[in-house]
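The values are calculated or read from the model by the stated rules, or taken from the named source; none is laboratory data. This one's a predicted model, so the numbers in the text were calculated from it and none came from an experiment. Using ideal geometry, Cβ is built from the backbone for each residue, glycine included, and neighbour counts are taken over all protein chains shown. The protein model used for the area step is the full one, side chains on, heavy atoms only, and it has no ligands, DNA or RNA in it. Shrake-Rupley method; radii C 1.70, N 1.55, O 1.52, S 1.80 Å.
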Amino acid sequence: MSDAIRRHLEPVSLKALAVDDAGSIQVLRTIGPLTFSFTCLDLPWACRFHEADGAASLVVAAPLVALPADNPQRKLALLQVIEAACASGLPISLRADGWAVYGERFTLTPPVTPEKLITTLGTHMLALEPWLALLRVIAGKKA
């Protein structure tokens, strides 16, 4: 982390931060939505953080599992688990191509710190983990 960031006394929006390939962090003068991705639970996650007019939101999405077209029993079992997961509050939906996907838009209260962002993501990853393991077992994938 650069010394300029460490000595910065005013709050900095997450949107104003840029990280290069070497891991150096800089504060940008022009601020735009922050898009980032990461891997967790063996899934590729895509995220977009936006802050405007005193409000902040985070959109999070990942493909979970494909419904098997050739195995009606597994497909039905997966649909039942997805329905139960949705009833418990998880934002899982089915795409037209047969994939179950996780997708949520969170409203966050500014100021949004890196800790708040990580806590929000981590809380939802923990809630999803047992459901995802069950989906993978039923789909015949690794748990």
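Computed with a 1.4 Å probe over protein heavy atoms only, the accessible area of E115 comes to about 120 Å². The phi-based Karplus calculation (6.51 cos²θ - 1.76 cosθ + 1.60; θ = phi - 60°) puts the 3J(HN,Hα) values of segment 36-47 at 8, 9, 7, 10, 8, 6, 6, 10, x, 9, 10, 9 Hz, whole numbers, x for Gly and Pro. In the context of the full set of protein chains, residues of segment 42-140 present 54 Å² of accessible surface per residue (probe radius 1.4 Å, heavy atoms only). Here's the picture: charge each Lys and Arg Cβ at +1 and each Asp and Glu Cβ at -1 in segment 72-118, and of T113, L90, Q80 the one pushed furthest to the positive end of that dipole is Q80.
As a calculated quantity, the FRET efficiency between K141 and L94 at R0 = 25 Å, using C-beta atoms, amounts to about 0.90. Extension gain for the segment T120 to A87, taken as residue separation times 0.36 nm less the Cα-Cα distance, is 9.9 nm to one decimal. Taking all protein chains together and a 1.4 Å probe, the residues W99, W131 rank W99, W131 from largest to smallest accessible area.
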